[in-house]
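Everything on this sheet refers to the single structure shown next.
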Amino acid sequence: MHYTISQIAQSLGLTAEGKADLSVRGAAEPATAAPDQLALAMQPSYAETLPKGAARAAMLWEGADWQALGLESAILAPRPRYALSGLTSLFDPGPEIAPGIHPFADVHPSAEIGADAAIGAFVQIGPRASIGARARIASHVSVAEDAKIGSDALLYSGVRIGARVTIGDRFTAQPNAVIGGDGFSFVTPEKGAVEAVRTTLGDAQGLRQQAYARIHSLGAVKIGDDVEVGANACIDRGTVADTVIGRGTKIDNLVQVGHNVRVGADCLLCGQVGIAGSTQLGDRCVLGGQVGVTDHLVLGNDVMAGAGTLLRTNQPDGRVMLGNPAMPMQASIDSYKALRRLPRLMRDIADLRTRVPKSDNHD
Amino acid sequence: MHYTISQIAQSLGLTAEGKADLSVRGAAEPATAAPDQLALAMQPSYAETLPKGAARAAMLWEGADWQALGLESAILAPRPRYALSGLTSLFDPGPEIAPGIHPFADVHPSAEIGADAAIGAFVQIGPRASIGARARIASHVSVAEDAKIGSDALLYSGVRIGARVTIGDRFTAQPNAVIGGDGFSFVTPEKGAVEAVRTTLGDAQGLRQQAYARIHSLGAVKIGDDVEVGANACIDRGTVADTVIGRGTKIDNLVQVGHNVRVGADCLLCGQVGIAGSTQLGDRCVLGGQVGVTDHLVLGNDVMAGAGTLLRTNQPDGRVMLGNPAMPMQASIDSYKALRRLPRLMRDIADLRTRVPKSDNHD
Amino acid sequence: MHYTISQIAQSLGLTAEGKADLSVRGAAEPATAAPDQLALAMQPSYAETLPKGAARAAMLWEGADWQALGLESAILAPRPRYALSGLTSLFDPGPEIAPGIHPFADVHPSAEIGADAAIGAFVQIGPRASIGARARIASHVSVAEDAKIGSDALLYSGVRIGARVTIGDRFTAQPNAVIGGDGFSFVTPEKGAVEAVRTTLGDAQGLRQQAYARIHSLGAVKIGDDVEVGANACIDRGTVADTVIGRGTKIDNLVQVGHNVRVGADCLLCGQVGIAGSTQLGDRCVLGGQVGVTDHLVLGNDVMAGAGTLLRTNQPDGRVMLGNPAMPMQASIDSYKALRRLPRLMRDIADLRTRVPKSDNHD
């Protein structure tokens, strides 16, 4: 895959500087770039390492003096990370899956497979499942009965799509992601200790649990267009209605989305986030790594939570939270700074108490 | 799958009100229920949305005035969530796995498969493995050598059962669950930094780790009857004896159960819980989402921990804990409320100190 | 698999005491050991339970009086856990994978498979992939195009190795581990709310996210010799350069290693650890269960973090951290002890304030 600097610039809506017909076979870090690789030096600090490599062309920040850097050609990017998106898309070969249906795949006769699909070895597509045009399905994927997936899907190896799950166009799932496991929903015949503790906040002595009965998940999962789900992530089915993931939302590895959860559009759920059952997220929420959200909450639009935050209460639009348990970000930072000084504070107070006369208990 | 209201009520041990021979094909939320669906409106707030849908029959709370709600038939449930268990079981079609052994399955000749089993495509059953009657095993499952699974198992796609694992009856495993990976157990030839820090609680300067050698997991995993394990969850093998999961315990997605752990009966381990090696849980423990339990602890019966709690110490029977690090629930709530007010408190104390005379250092 | 006590002692570099030609078929806990099993009683408290079992030989601590314990033979281990490593290695039968390539495997003609490999059912090896000598690859593994794995690999069922990943010798991956999923890297066309909040620490009102574009992962993953990766763990590809895991590092179940991360040699990452993108770890770091490390950090050599710690800042060599957010271990313990007493402290201060005269606001 070779492109000229001119071709690359054009695909990014940018301008090629200098020798625009110079051809490169890929991108590299400045210090290790070969002469036929485009160096990525979108900050001055990266550009300093250009002399260690052999790049003749680079992608630089807006206003960079590319000639002074000894380059023959350059692309100046006003928003470097966005340009990086276009550039990496250009050079990504994508997974190598042979066109058509692999002879070792098991596609049910009643399943519908769109035009120009590539389906790998040991893939199983169940009864009445439907997969859109141009799907790329790597080895060992299973798509259960009556699942519907839109066009241009990319499913990596070992992805599990459960029965009756519906997914929009341009869906990507990383290896071993599970869409449509049963919700974690169990109930005891009589009121049990969990319910009592939720009321009293006290200890559970004297109560006795009984054997749990399953509440089955009759709902499925409904996913909008342009969604991505990470490796080993899990999205559970709903109990009666579907669990919902909105258009454009991106879900990282090892994330847990519980049953009946509704996630809005264009959210980012980072690695190991957990969202408990029946919680709702608005649009454009961003949850950092390992964030937990307890069940039956309502988070508004544009809610953000820093890594490791535990949200136990509803959040209004635009709220930025931090900590376990969570506080608004600045309050959390202040409180934890204070916590660090707390042991000394306690000594100060003990000292103060010795210097202040006891209050008169006879009054 | 159609049932009359009378049939449904009978299967739940309840009474059908009104037109008991009305037939429904499934359950739905009140606002979206079709005329041939049973609306689930077990709280008055849900019942208010009945007019938005077209339900003719509903499941309601005990004492509800179903006629005033405009319904033709109803089932009144004294414990609605328990009734929901029976109802969803009735309408759950279960996974569609053809009876018998799929031609693309690889079942070792020495394996024993019980009567009326359904084994899907690309399943591998290893030497001398044994699987009980009426097993339903979806695609891509592997059951390694000498593993034993009881009757009525339901294994979803991609489940891994390791060698010599033994499992009771009515076992369910969600997609890509792993039972019987090797324990995370390594040792250095000489005493290393980890062990030193456990003793001193100080920094580790001056110590140098050596290469780790593996302690192999000769034990397996032993699971009682009526256990369920979630998607992408992991239960590791024991070192010498088996890791043990007690009867009736339910384990959610992405849970980690370390080597040599012993979990009692009827416990609930919610999503992303982690239990480190050699820790023991009693019966009926409930750990909320993302709870962590460190190694070699003993938790009694009926211990509960709220979401995001980190347990670093043993817990007596019935203790309810919260927070990282954990405190008894009410103490945790009080402490974190105080933490929020701590920055202001510090200003108060600084002010107090200016108003109190210094203690006389000459004494 | 039978060994004499003498053979076992020799393989551990230790001495057999007493009847050295006594033969055992395995190891067991003292209380349950059969006469032909070696009891593991490396601490006096374990030795007390020997009479409950029927062991004739045991592995004991250095200086133990084996004859007084009624044994016929013994091995005294100066470092018992290290001896346990050798012993369990001796008795571990390893997974049962038939030699050669299973007829139901799909190995691309251009792939290179080393001598004496054992490749199980439903394994897929992609174009130009290379796998070293004596590999043991269990069922359902996929190795994508151009991946290179060294000699003596052990890949359990369902492991996913992505395209162009390179791995050293003696690599072990537990079931369903994913090496080489795409990094979680997305960007909006214009500056969005996340970037604004990182600057202001305030709420995000008034800002609006746009649809995310993917930054593709052109890099792969590069893993040194003697690395192990746990069940359902994930290591993501780098954006331009590779994500790197150093020699001898051990990674537990459900761990997330983000894109561009560089982990040094001989690190231990315990269950459910998460390391966000572009962070670097030195050598011999030890992260306890559920530890989180945010993105773009630099941790030195020999850094340790206790279970449940959240690291949000760089750490120098040898630092031992604890808590969310993290503090040096002793400071964390002191602060959280103080936090527990904080509600009472607040009452003390309120009392103090009533006893100290108000400062004169007229001055």
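The values are calculated or read from the model by the stated rules, or taken from the named source; none is laboratory data. Just so it is clear, the model here is predicted, and its values are computed rather than measured. In this analysis, Cβ positions are derived from the backbone assuming ideal geometry, glycine residues included, and neighbour counts consider all displayed protein chains. For accessibility, only protein heavy atoms count, side chains too; no ligands or nucleic acids. Shrake-Rupley method; radii C 1.70, N 1.55, O 1.52, S 1.80 Å.
Would you please give the FRET efficiency between residue C:54 and residue B:211, computed as 1/(1 + (r/R0)^6) with r the Cβ-Cβ distance and R0 = 35 Å, to the nearest 0.05?
Values: r = 37 Å, r/R0 = 1.06.
Efficiency, rounded to the nearest 0.05: 0.40.
Please report the Cα spread of the protein assembly as shown along all three principal axes, rounded to whole Å, starting with the longest.
91, 87, 79
5 Å is the cut-off here: which amide hydrogens, built 1.01 Å from N in the peptide plane, fall below it relative to residue C:304, excluding neighbours closer than 5 in sequence?
Amide H to amide H, under 5 Å and 5 or more residues apart or across chains, residue C:304 pairs with C:286, C:319, C:320, C:321.
Please give the net charge around residue A:96, taking every other residue with its beta carbon less than 14 angstrom from that of residue A:96, where Lys and Arg add +1 and Asp and Glu add -1.
Details: positive: A:136, C:128, C:164; negative: A:92, C:106, C:145, C:146.
With Lys, Arg at +1 and Asp, Glu at -1, the neighbours total -1.
Output the relative contact order of chain C, whole-number percent, from Cα pairs under 8 angstrom with separation of 6+ residues.
6 percent
What span do the alpha-carbon atoms of segment C:57-102 cover on each of the three principal axes, reported in whole Å from largest to smallest?
Computed over segment C:57-102, the largest-to-smallest principal extents equal 53, 21, 8 Å.
For n ≥ 4 DSSP H runs only, could you compute -39500 (n - 2.57) per run for chain C, divide by its residues and tell me the 222 nm figure to the nearest 500?
Rounded to the nearest 500, the figure is -5000 deg cm²/dmol.
Take residue C:19, project a point 7 Å from its Cα along the Cβ direction, then tell me which residues of segment C:40-62 have their backbone nitrogen under 11 Å from it.
So the set is C:56-57.
Under 13 Å from a point 7 Å along the Cα-to-Cβ line of residue C:11: which residues of segment C:20-44 have their amide N that close?
C:24-27, C:38
Within a 10 angstrom radius of each residue's Cβ in C:182-192, how many Cβ atoms of other chains show up on average? Whole number is fine.
6
Within a 10 angstrom radius of each residue's Cβ in B:115-128, how many Cβ atoms of other chains show up on average? Whole number is fine. Display every interim value, and only then the final one.
Values: counts 0, 0, 0, 0, 0, 4, 9, 15, 4, 9, 1, 8, 2, 1.
For peptide B:115-128, the averaged partner shielding equals 4.
Assign one of three labels to segment B:81-193, namely rounded, prolate or oblate, based on the Cα gyration tensor with a ≥ b ≥ c the square roots of its eigenvalues; rounded applies when a/c is under 1.5, prolate when it is not and a/b is larger than b/c, and oblate otherwise.
Values: a/c = 2.45, a/b = 1.45, b/c = 1.69.
The shape class here is oblate.
Within segment C:1-86, report the trypsin sites (Lys or Arg not before Pro) that DSSP leaves as loop and that have at most 16 other Cβ atoms within 10 Å. Show your work: numbers first, answer last.
Values: sites: C:19, C:25, C:52, C:56, C:81; in loops: C:19, C:25, C:56.
Answer in residue order: C:19, C:25.
With a 1.4 Å probe and every protein chain left in place, tell me how much accessible area residue A:212 has, in Å² to the nearest 10.
30 Å²
Equivalent-ellipsoid semi-axes (√(5λ), Cα gyration tensor) for chain B, whole Å, largest first? Mind dumping the intermediate values first?
On the way: eigenvalues 424, 281, 43 Å².
Ellipsoid half-lengths, sorted descending, are 46, 38, 15 Å.
Other chains' Cβ within 10 Å of B:72-84 residues: what's the mean?
Values: counts 0, 0, 0, 0, 0, 0, 0, 5, 1, 8, 7, 2, 8.
Average neighbour count from other chains, rounded to a whole number: 2.
Let's test the formula: R0 of 56 Å, r as the Cβ-Cβ distance of residue A:112 and residue C:348. What FRET efficiency results, to the nearest 0.05?
On the way: r = 72 Å, r/R0 = 1.29.
Efficiency, from the Cβ-Cβ distance: 0.20.
Taking amide hydrogens as modeled 1.01 Å from N in the peptide plane, which residues meet the under 5 Å criterion relative to residue C:314, leaving out close sequence neighbours?
Long-range HN contacts for residue C:314: C:298.
Could you bin all the Cα-Cα distances of segment B:3-91 into 10 Å bins starting at 0 and give me the percent of pairs in each, rounded to whole numbers?
20, 61, 18
To the nearest 0.05, what FRET efficiency results for residue A:128 and residue A:355 with a Förster distance of 60 Å applied to their C-beta separation?
Numbers: r = 81 Å, r/R0 = 1.36.
For residue A:128 and residue A:355, the calculated efficiency is 0.15.
For segment C:3-91, what's the relative contact order in percent, using C-alpha pairs closer than 8 Å and at least 6 residues apart? Mind dumping the intermediate values first?
On the way: 183 pairs, mean separation 24.7, N = 89.
Relative contact order for segment C:3-91 comes out at 28 percent.
Expressed as a whole percent, how much of the Cα-Cα distance distribution for segment C:210-348 exceeds 18 Å? Don't skip to the end; give the middle numbers.
Numbers: 5341 of 9591 pairs.
That tail contains 56 percent of the Cα-Cα pairs.
Once amide H atoms are placed 1.01 Å from N in the peptide plane, what residues at a sequence separation of 5 or more from residue B:245, or on another chain, have their amide H within under 5 Å of its amide H?
B:222, B:223, B:224, B:263
In chain A, what % of DSSP beta bridges are antiparallel (nearest 5)? Working shown, then result.
Working: 9 of 78 bridges.
The answer is about 10 percent antiparallel.
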